[in-house]
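The values are calculated or read from the model by the stated rules, or taken from the named source; none is laboratory data. Note that the structure is predicted; figures quoted are calculated from it, not measured. Here the Cβ is made from the backbone with ideal geometry for all residues, glycine too, and neighbour counts use every protein chain on show. Side chains are part of the model used for accessible areas, which takes the heavy atoms of the whole protein and leaves out ligands, DNA and RNA. Shrake-Rupley method; radii C 1.70, N 1.55, O 1.52, S 1.80 Å.
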Amino acid sequence: KDIDEAISFLQDFSGQTHKVVTSIALYNGKLHDLTTRTAITQITFAELSKDEIDWYISTGEWHGAAGGYRIQGYGSYFIKSIQGTNSAVVGLPLFELYDMLKEQGYSLIDG
């Protein structure tokens, strides 16, 4: 929403683990089948100093980012560990999508 909220998120995440939950739905019109998947990713942040938070805020990368950080950018500097699917945190759980497509008979590797 704004700079204060981004700072608050980063302070809350500092030294903590939080969950990012991302769901995807795929409708196959030929089969009249709806498939869904949910990816839960646990992200552990390192302890962040005030200077680190101030620096990150100054990059502007937090703008429009859920949780006030972007894991695919400078925000990755502060990630101590990830358990789950990195792409789900970015926005599209690629493993889950590929699994759903394979389940419905599609192949991304066929030429």
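For the reader, a short list of remarks on this structure follows.
- The chain, relative contact order [Cα under 8 Å, separation at least 6], %: 31
- More than 12 angstrom apart: percent of Cα pairs within region 1-49: 72
- Filter on Lys19/Lys50; Lys1/Lys80; Lys30/Lys102 - keep pairs with C-alpha separation over 20 Å: Lys19/Lys50; Lys1/Lys80
- Accessible surface comparison of Tyr69, Tyr27, Tyr98, Tyr74, probe 1.4 Å, protein chains only, largest first: the order is Tyr27, Tyr74, Tyr98, Tyr69.
- Chain lengthening between Leu92 and Thr36 when straightened (0.36 nm per residue, less Cα-Cα): 18.9 nm
- Within region 30-111, trypsin sites (Lys or Arg not before Pro) in DSSP loop having at most 16 other beta-carbon neighbours inside 10 Å: Lys30
- Within the accessible area of the chain (1.4 Å probe), percent carbon and sulfur: 52
- Solvent exposure of the chain amounts to 63 Å² per residue of accessible area, where only protein heavy atoms count and the probe is 1.4 Å.
- Under Karplus coefficients 6.51, -1.76 and 1.60, residue-wise ³J(HN,Hα) of region 29-40 in Hz, glycine/proline x: x, 5, 8, 6, 10, 10, 10, 10, 9, 10, 10, 10
- Positive-end residue, the chain charge dipole about Cα centroid, Cβ charges, pick of Ile7, Gly67, Leu101: Leu101
- These residues, Tyr106, Tyr77, go from largest to smallest accessible area, 1.4 Å probe, as Tyr77, Tyr106.
- Note on region 6-108: Cα-Cα pairs beyond 15 Å make up 64% of the total pair count.
- Normalised by the number of residues in region 1-49, the average gap of Cα pairs under 8 Å and 6 or more apart makes the relative contact order 44 percent.
- Candidates Ser49, Ser81, Ser14, ranked by Gaussian network fluctuation over the chain, Cα under 10 Å, top entry: Ser49
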